[in-house]
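Below is one structure, written out as structure tokens, with a few remarks after it.
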Amino acid sequence: MKSIRCRNLTLRTLGLIAFFCCVHAQQKPYAPPELFDVLPSALEMHAIAIGDRIRVAGKERTMFTGVVQNDRGERTSAQITVQLPRLVRLEGLRPNAPPLIFDGKSPAHPATRLEEQLLEILSSDTTEGMLAAIKDGAAAELVGRRVLASKDDTTELRYDIFEVSGPLRSIAPVRDRLKRYFFDSETGLLAKTQYLDEGFSPPLDVVISFSDWKRQNGSAYPQKIDRRENGHLVFSLTLTSIVALPRQDLTSFAQSPQTGLQEE
């Protein structure tokens, strides 16, 4: 009898533990699918570096104001909105033109080469773009940790390098693109993204550089983005303000942007 009572007590105890575990799981805050709260362990350092905006609801949409300067010194003001995982809104690049919207899935129809380039950069070449591609099933490989940037580099800068191969969704026709993402091994922040643009013959060697990183309100943002083709600087995007906002549905996102609280 004593053995039976002990067994019943044990079963009741296990049942209570299971019940409380279930309740705890139900009380856990819901994480929208747009967030990158579950990632391969190899990317953990780089997810932490970018900050809580990619894993905590409430700052999925970022509004940037900036200036694009091309290789001829011409300057154009631009307003850019990016929402996780890869929605992009561009406006101001063409006078009196409607905003260009990329919904993250269907190819957009940019009117200029600059719009096409910015769409690819903001939806695919960033840390968030890489994470979105991996989450969508793109092939990814860790090439190396703490790889010396160059044998001739006296600064001894080292990179964590990832290769990701997947479709380029922002423009038609949809084509696969193999990209290499170079993260600063010390900070975990993205330094540059490199790939071949095979839409040209011979292909263009493209390097997108991210610099002047600024941490504000728990997140990190690059304040300067440069595009180089075959070593030639094509344009620089300098971001003068950054506003973090909650996510919107696609219809609202495609409409005029809302004013938010600027982070300092």
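The values are calculated or read from the model by the stated rules, or taken from the named source; none is laboratory data. Here the structure is a predicted model, which is why all the values come from computation and not from measurement. Glycine also receives a Cβ, built like all others from the backbone with ideal geometry; neighbour counts cover every protein chain displayed.
Of the strands (runs of 3 or more DSSP E) that lie entirely inside region 160-249, those containing 1 or more residues that are farther than 16 Å from LEU122 by Cα and β-branched (Val, Ile, Thr) span 232-245. Taking the criterion of being closer than 21 Å to HIS232 by Cβ and either not in a helix (DSSP H, G or I) or not assigned by TED's automatic domain parsing to the domain that holds LEU178 (or both), the only residue of region 111-128 that qualifies is THR112. Flag: THR76 matches the condition of being farther than 15 Å from SER252 by Cα and not aliphatic (A, V, I, L, M). In region 214-244, what residues are of a type outside the set (Gly, Ala, Ser) and in contact with a Leu (Cβ under 8 Å, 6 or more places away or on another chain)? Matches in region 214-244: TYR221, PRO222, GLN223, LYS224, ILE225, ASP226, ARG227, GLU229, ASN230, PHE235, LEU237, VAL243.
Every test in (1) more than 15 Å from the chain's Cα centre (by Cα); (2) over 21 Å from ASP205 (Cα atoms) is passed by ALA138 save one, and that test is (1). Checked against the criterion of being modelled with pLDDT under 50 and not in a helix (DSSP H, G or I), region 42-60 has no qualifying residue. The numbered conditions (1) part of a loop (DSSP other than H, G, I, E, B); (2) touching a residue at least 40 places away in the same chain (Cβ under 8 Å); (3) not basic (Lys, Arg) are all true for PRO95 except (2).
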